[in-house]
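Structure below; questions to follow.
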Amino acid sequence: MGIPDWLKTVTRDELQVVNIKKPRERFLDKTLRHVVSFVEDTMFNERTSSIKGFLQGTEPRIKIVIIFLFIIVLSFQKTVSGIVVFLSLALLLALLSGVLITLLKRLMPAMVFTMLIALPAALNLIVDGEPMVMLHEFEKPHTFYQITIPAHISVTKQGALSALALFLRVMASASLVFLLTLTTPPNRFIKAVSSFVPGAFKSIVSISYRYIFFLTRKVEEFIMGFRARNISLPATRHSSLIGQRWTASRMGLLFSMSIRLSAELERAMEARGYDYNFEVQSERLKVSDISGPDILLIIFSITIIGVMLWTPLM
Amino acid sequence: MHIPDGYLGPITYGSLWAAVIPIWIYASKKVKEILKASQVPLLALSAAFSFVIMMFNVPLPGGTTGHATGATLIAILIGPWPAVIALSIALIVQALIFGDGGITAIGANCFNMGFAGVLVGYGIYKLISNFSRYSSGQISNAGTRNSPLSTCHLIGAGIGAYAGINLAAFLTAVELGIQPLLHTGADGRPLYSPFPLSITIPAIMLEHIFIFGIVEAVVTVTVLLYIKKSHPELIRG
């Protein structure tokens with residue numbers, strides 16, 4: 001049986017609807033992209049943290065303290081060479097943990113974004129200094145409000161170094177943070193983080209982390225439901241208003257869900273004998289928890305931090 | 001608006017950590033006083049809610065989209081001090097698990113968005129709501145313009161949200177812009193964010209004044225309208 005003719009013909013109006021569908025629903029695509037990347041990242045962390053690598057074999061609490069110390073010591077580095085040491089360290093740890101490629105892939109968006117931000121700093125418009133490469137010459141300097149554009153636009157030595165240092169510093173810090181999440185199962189990671197948080201905050205952090213996933217799934221369902229029920233937003237001048245109303249109603253619904261869930265959770269906790277101000281008891285770090293890779297990581301880190309704090313690199 | 005690691009020097013991020021820790025302590029004390037029961041599940045779910053609403057993109061006329069922080073909205077819905085805690089937890093989880101904002105910059109991000117943005121947004125909302133109450137001759141009956149979420153409340157919420165996010169953006173711009181003044185190498189080159197105040201303030205503020213501020217106000221007012229219509233019992237503030 002062939003396709004009927006009326007289905008094959010496309011009228012001018014229908015074509016218009018198809019063409020305008022994308023921009024009018026960009027807000028849905030962007031929200032969905034956020035949701036999907038959130039779920040994907042978490043799933044991926046689960047997978048990479050189960051690889052048998054160096055950092056995967058270390059105790060999460062020790063790893064968190066060490067990585068945080070690295071990030072703090074890195075923030076005190078004043079030279080490019082000092083920052084490079086930490087970036088190399090992060091890449092070496094990623095290699096030993098079998099997550100180097102994943103780390104580089106995850107760094108890519110931050111890399112592009114930071115490069116775009118850092119590059120203008122190389123120009124004498126931002127950082128004045130010794131000219132290295134002359135880019136453009138005007139007849140005279142121009143002033144717009146508070147910004148003066150000099151007659152000669154050039155890449156300066158100080159500017160280039162400043163841009164490079166910013167780029168490398170951001171990359172090294174981001175690599176260290178990603179190393180933590182890539183090599184620790186999400187549940188163990190949040191438990192380890194909670195152990196550094198005081199009082200009732202422990203339970204707030206761990207409960208909220210679990211419910212973030214629940215609410216995120218709901219957002220995905222909202223979008224899928226909207227897509228399933230609507231071919232496209234109507235092609236009127238008010239389509240952004242319709243989109244705003246839809247988004248607001250879903251946020252409002254999410255809030256009412258959150259309140260309902262918190263009441264259910266409260267009743268469930270009450271039924272199980274929890275006090276209202278209960279605290280999640282975090283397990284103390286025992287000597288038996290510390291393994292060979294932990295000792296190796298501690299010795300290695302103390303050496304690096306000591307060297308970086310006391311050598312002329314500072 | 002989330003400041004990543006590497007943009008702020010130790011003096012700035014250290015000062016903001018030092019500023020935000022007493023705020024957290026005070027906020028948690030206030031929360032214990034205000035929310036006698038069930039504070040843990042409510043705060044946890046509010047933190048999860050504030051995390052998730054930052055994922056929503058909102059369409060604006062002309063094809064632009066933007067996302068809101070929901071700071072003023074959450075403050076109106078659960079109260080300002082619980083909102084400080086909820087927003088801070090959402091920002092910390094974002095920084096630790098998803099690399100959105102830096103570890104060293106947690107203090108700065110929580111101060112800008114989770115404290116200043118929340119309290120100023122909520123303060124303006126309260127000021128306009130109270131002003132409307134006094135100007136119309138004291139407290140009126142339910143169902144009049146002074147009932148929970150009257151037009152004046154909604155206007156206050158919109159203006160508060162707009163002002164709150166713009167203040168948070170302004171603080172971010174100032175914190176980034178003072179880096180070349182605070183931290184320079186021996187050769188005069190900036191060690192952290194190299195852009196001066198004359199660049200950071202217009203660069204950050206223009207997009208917040210014309211895009212993100214409007215998104216924040218639209219989200220706050222429309223969500224409150226929805227809740228007023230569908231779940232009026234949920235409004236506390």
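Listed here are the residues, each with its yes/no results for (1) more than 8 Å from every other protein chain (Cβ to nearest Cβ); (2) of a type in the set (S, T, N, Q); (3) surrounded by fewer than 24 Cβ atoms within 10 Å (Cβ to Cβ).
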position: B:P41; (1), (2), (3): no, no, no
position: B:G66; (1), (2), (3): yes, no, yes
position: B:I76; (1), (2), (3): yes, no, no
position: B:V93; (1), (2), (3): no, no, yes
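Step by step: first the residues of the range A:156-192, then only those that are more than 18 Å from A:L91 (Cα to Cα) and of a type in the set (G, A, S), then the one that is nearest to the other protein chains (Cβ to nearest Cβ). Which residue is that?
Looking at residues that are more than 18 Å from A:L91 (Cα to Cα) and of a type in the set (G, A, S), I get A:S162.
Restricting the range B:1-29 to residues that are over 25 Å from A:Y211 (Cα atoms) and of a type in the set (F, W, Y), which is farthest from the other protein chains (Cβ to nearest Cβ)?
Filtering the range B:1-29 for residues that are over 25 Å from A:Y211 (Cα atoms) and of a type in the set (F, W, Y), the one farthest from the other protein chains (Cβ to nearest Cβ) comes out as B:Y26.
Scanning for something over 21 Å from A:H34 (Cβ atoms), hydrophobic (A, V, I, L, M, F, W, C) and at pLDDT below 85, does the range A:207-228 turn up at least one residue?
Pass one, the range A:207-228, residues over 21 Å from A:H34 (Cβ atoms): A:207.
Now narrow it down to the ones that are hydrophobic (A, V, I, L, M, F, W, C): A:207.
Filter again for at pLDDT below 85, leaving none.
Checking the range A:207-228: not a single residue is over 21 Å from A:H34 (Cβ atoms), hydrophobic (A, V, I, L, M, F, W, C) and at pLDDT below 85.
Kindly check whether there is at least one residue in the range A:48-58 that is in contact with a Phe, Trp or Tyr (Cβ under 9 Å, 6 or more places away or on another chain), in a helix (DSSP H, G or I), over 30 Å from B:H67 (Cα atoms) and not assigned by TED's automatic domain parsing to the domain that holds A:F213.
Filtering the range A:48-58 down to residues in contact with a Phe, Trp or Tyr (Cβ under 9 Å, 6 or more places away or on another chain) leaves A:49.
Adding the requirement that they be in a helix (DSSP H, G or I) leaves none.
Among the residues of the range A:48-58, not one is in contact with a Phe, Trp or Tyr (Cβ under 9 Å, 6 or more places away or on another chain), in a helix (DSSP H, G or I), over 30 Å from B:H67 (Cα atoms) and not assigned by TED's automatic domain parsing to the domain that holds A:F213, which makes the answer no.
Still on this structure: Can you find, within the range A:282-310, the residue that is farthest from A:K63 (Cα to Cα) among those that are β-branched (V, I, T) and free of Cβ contacts under 8 Å to residues at least 60 places away in the same chain?
Step by step, filter the range A:282-310, then rank; the result is A:V307.
I'd like the full set of residues that are more than 8 Å from chain B (Cβ to nearest Cβ) and out of contact with any Leu (no Cβ under 9 Å at 6 or more places or on another chain), limited to the range A:193-205. Reasoning before the result, please.
Going through the range A:193-205, the residues more than 8 Å from chain B (Cβ to nearest Cβ) turn out to be A:194-198, A:202.
If the condition is that a residue be more than 8 Å from chain B (Cβ to nearest Cβ) and out of contact with any Leu (no Cβ under 9 Å at 6 or more places or on another chain), then A:S194, A:F196, A:V197, A:P198, A:K202 are the ones that fit.
Right, B:A105: surrounded by 23 or more Cβ atoms within 10 Å (Cβ to Cβ) and either in contact (Cβ under 8 Å) with a residue 24 or more places away in the chain or more than 7 Å from chain A (Cβ to nearest Cβ) (or both) or not?
yes
State the number of residues belonging to the range A:120-148 that are over 23 Å from B:I178 (Cβ atoms) and of a type in the set (V, I, T). Write out each step before concluding.
Let us first name the residues in the range A:120-148 that are over 23 Å from B:I178 (Cβ atoms), namely A:130-142.
Still in the list and also of a type in the set (V, I, T): A:133.
Within the range A:120-148, residues that are over 23 Å from B:I178 (Cβ atoms) and of a type in the set (V, I, T) number 1.
For B:K32, all conditions in the list (1) part of a helix (DSSP H, G or I); (2) in contact with a Ser or Thr (Cβ under 8 Å, 6 or more places away or on another chain); (3) within 11 Å of another protein chain (Cβ to nearest Cβ) hold save one; what is the number of the exception?
B:K32 satisfies every listed condition except (2).
Looking at the range A:36-70 only, could you name the residues that are more than 15 Å from B:I97 (Cβ to Cβ), buried (at least 22 other Cβ atoms within 10 Å of the Cβ) and within 12 Å of chain B (Cβ to nearest Cβ)?
A:F70
Counting residues that are among the hydrophobic types (A, V, I, L, M, F, W, C) and under 18 Å from the mean Cα position of the chain (by Cα), which helices (runs of 4 or more DSSP H) fully inside the range B:178-237 reach at least 3?
Working: elements: B:179-182, B:197-207, B:213-230.
Ranges flagged: B:197-207, B:213-230.
Hey, another quick one. What about A:I153, is it within 23 Å of A:R47 (Cα to Cα) and either modelled with pLDDT under 90 or hydrophobic (A, V, I, L, M, F, W, C) (or both)? Talk me through it step by step, then tell me what you get.
On the way: within 23 Å of A:R47 (Cα to Cα): no; either modelled with pLDDT under 90 or hydrophobic (A, V, I, L, M, F, W, C) (or both): yes.
For A:I153, the condition - within 23 Å of A:R47 (Cα to Cα) and either modelled with pLDDT under 90 or hydrophobic (A, V, I, L, M, F, W, C) (or both) - is not met.
Could you pull out the residue among B:G121, B:G114 that is modelled with pLDDT of 95 or more, part of a helix (DSSP H, G or I) and either more than 13 Å from the chain's Cα centre (by Cα) or more than 7 Å from chain A (Cβ to nearest Cβ) (or both)?
Details: B:G114 fails: modelled with pLDDT of 95 or more.
The match here is B:G121.
In the range A:115-133, which residue that is more than 9 Å from chain B (Cβ to nearest Cβ) and out of contact with any Ser or Thr (no Cβ under 9 Å at 6 or more places or on another chain) is surrounded by the most Cβ atoms within 10 Å (Cβ to Cβ)?
Applying the filter and picking the extreme gives A:L119.
The values are calculated or read from the model by the stated rules, or taken from the named source; none is laboratory data. Everything numeric here is computed off the predicted structure, so don't read it as measured data. Cβ coordinates were reconstructed from backbone atoms using ideal geometry, including for glycine residues, and neighbour counts include every protein chain displayed.
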